[in-house]
1. Return the residues of the range 348-399 that are out of contact with any helix residue (DSSP H, G or I) (no Cβ under 8 Å at 6 or more places or on another chain) and part of a loop (DSSP other than H, G, I, E, B); say none if nothing qualifies.
2. If you check every pair at least six apart or on different chains, which have Cβ atoms under 6 Å apart with a residue in the range 79-98 that is within 16 Å of residue 18 (Cβ to Cβ) and of a type in the set (D, E, K, R) first and a residue that is assigned to a loop (DSSP other than H, G, I, E, B) and within 12 Å of ligand 1 (Cβ to nearest atom) second?
3. Among the residues of the range 332-347, how many are open to solvent by less than 40 Å² (accessible area, probe 1.4 Å) and assigned to a helix (DSSP H, G or I)?
4. Tell me, which residue of the range 13-41 that is of a type outside the set (A, V, I, L, M, F, W, C) and out of contact with any helix residue (DSSP H, G or I) (no Cβ under 7 Å at 6 or more places or on another chain) is surrounded by the most Cβ atoms within 10 Å (Cβ to Cβ)?
5. In the range 218-266, which residue that is within 16 Å of ligand 1 (Cβ to nearest atom) and assigned to a strand (DSSP E or B) is farthest from residue 192 (Cα to Cα)?
6. Is it the case that residue 8 is crowded, with 21+ Cβ neighbours inside 10 Å and over 24 Å from the mean Cα position of the chain (by Cα)?
7. Within the range 242-257, track down each residue that is of a type in the set (A, V, I, L, M, F, W, C) and farther than 17 Å from residue 294 by Cβ.
Amino acid sequence: MKALDELTFDNRFARLGDAFSTHVLPEPIAAPRLVVASPAAMALLDLDPAVAETPVFAELFGGHKLWAEAEPRAMVYSGHQFGSYNPQLGDGRGLLLGEVYNDAGEHWDLHLKGAGQTPYSRMGDGRAVLRSSIREFLASEALHALNIPTTRALCVIGSDTPVWREKQERAAMVLRLAPSHVRFGHFEFFYYTKRPEQQKELGQHVLAMHFPHCLEQTEPYLAMFREIVERNAELIAKWQAYGFCHGVMNTDNMSILGITFDFGPFAFLDDFDAHFICNHSDDQGRYSFSNQVPIGQWNLSALAQALTPFISVEALRETLGLYLPLFQAHYLDLMRRRLGFTTAEDDDQKLLEHLLQLMQNSGVDYSLFFRRLGDESPELAVTRLRDDFVDIKGFDEWGELYIARVAREGVIDQAQRRKRMHAVNPRYILRNYLAQKAIDAAESGDYSEVRRLHAVLSNPFEEQPGMESYAERPPEWGKHLEISCSS
Ligand code: AMP
Ligand code: MG
């Protein structure tokens, strides 16, 4: 266990120099105080969880203090936003404070979001509001607990600093951790600005730091691209399986590591709705729930275009072709497990699509359905769940097929089946209304609800006595919250 001043830095990205990032100091927020910290994320830096309560913690992550070895930098990148290329993005309000390596030898980027203006702020104030910082914190740690790859969040620091969005709010900072903050948009920036030398430097850096095993291949860049395709196919399969809607899948929000990155107006589905759009400024539904799958491929094609100086177009095309089949395989595998199957049958896909159509038509709660399906024997579970469907006859037909499908796996031990299914079907998910209640309390100075919700979501598959209310269906008001994309 380490104290705060015992972190060891090795700022590899900063050493790439000024073509890749700009030195900028954090701009402190007034009266910094701890809103919430994640002990699990602190453990990644070997930090003693008790240090979160010390004043110096809030000072460090509220931009008042800095380690002598930290080298805060704003990274430059570009990207495709809603399908159009934006030539100049970059860290407009976040800073890479430095890279820390832990006792296990892992490197973690320390990225402070809401740290003030940078050369890439354009018209923005460089700040993040408390509400969006809490949402990013909760989602990062909740996704991780669901075994979905993601950036992590160490803490949220609140303040008295006013910021203006639709109304006056308070600034906050969130400390994000990731093995790398390199986005698809980093490669796009150097490609479209026609800087082949620097693009190569970036490529060599990413290969050496994050894909060293690819360097042993005859075509290292191609091997790396293939892995990026594989990781993103698996990531998006997990989003679809757990009903996570990212909301802003621009290429500057896509990680080369295939981890969930940059949280905006995200949502977990309450009622199943394939066409759900969580970002209310996404008029066309480009990033609707079901569109995340083809958009994943679109984004990988944008990255492929930027990698044409390194890889032949033919090889890129062929590799992109792996995305959909890989997505399908991962998704079906996860959904089979969610349905409690231990074997694979050809018709499983059909059975699943049939169920999702019924859920869509009746607006059935997506997460609760799967949890309850494992609670009891297939026969009993189906009988209990049928009342949730408007089309009861339709569901009964599905139920018969499901019971027969389970029966073909042979004799089942219900206790084992329940345990197996509960291990993949969470009891608690980050519903928008739960986040909203925690945010409302935090905005009036009470951080206890954010902390409680974070604790519940850190263990989503376990029954937690006394926490039943966190596992219920959302109230009607909670299903139709409009999450502002301003953050
Ligand atoms: P995002 O929508 O958070 O992924 O941000 C898109 C781009 O806008 C990135 O370059 C951000 O750094 C920048 N940005 C977002 N909000 C602000 C802000 N309040 N001040 C400065 N830049 C911002
Ligand atoms: Mg972003």
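1. Scanning the range 348-399 gives a single hit, 363.
2. Listed by first residue and then by second, the contacts come to 91/118; 91/120.
3. So the count comes out to 5.
4. So, considering only residues that are of a type outside the set (A, V, I, L, M, F, W, C) and out of contact with any helix residue (DSSP H, G or I) (no Cβ under 7 Å at 6 or more places or on another chain), the one surrounded by the most Cβ atoms within 10 Å (Cβ to Cβ) is 26.
5. 245
6. Here the answer is no, as residue 8 does not meet what is asked.
7. 256, 257
So that you can scan it fast, the table gives a plain yes or no per residue for (1) of a type outside the set (Gly, Ala, Ser); (2) within 19 Å of residue 172 (Cα to Cα); (3) at pLDDT 95 or above:
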site: 35; (1), (2), (3): yes, yes, yes
site: 62; (1), (2), (3): no, yes, yes
site: 76; (1), (2), (3): yes, no, yes
site: 83; (1), (2), (3): no, no, yes
site: 94; (1), (2), (3): no, yes, yes
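The values are calculated or read from the model by the stated rules, or taken from the named source; none is laboratory data. Just so it is clear, the structure is predicted and the values come from calculations on it, not from any experiment. Note that we place each Cβ from the backbone using ideal geometry, even for glycine, and neighbour counts take in every protein chain shown. Remember, those area values only see protein heavy atoms, side chains included, never the ligands or the DNA or RNA. Shrake-Rupley method; radii C 1.70, N 1.55, O 1.52, S 1.80 Å.
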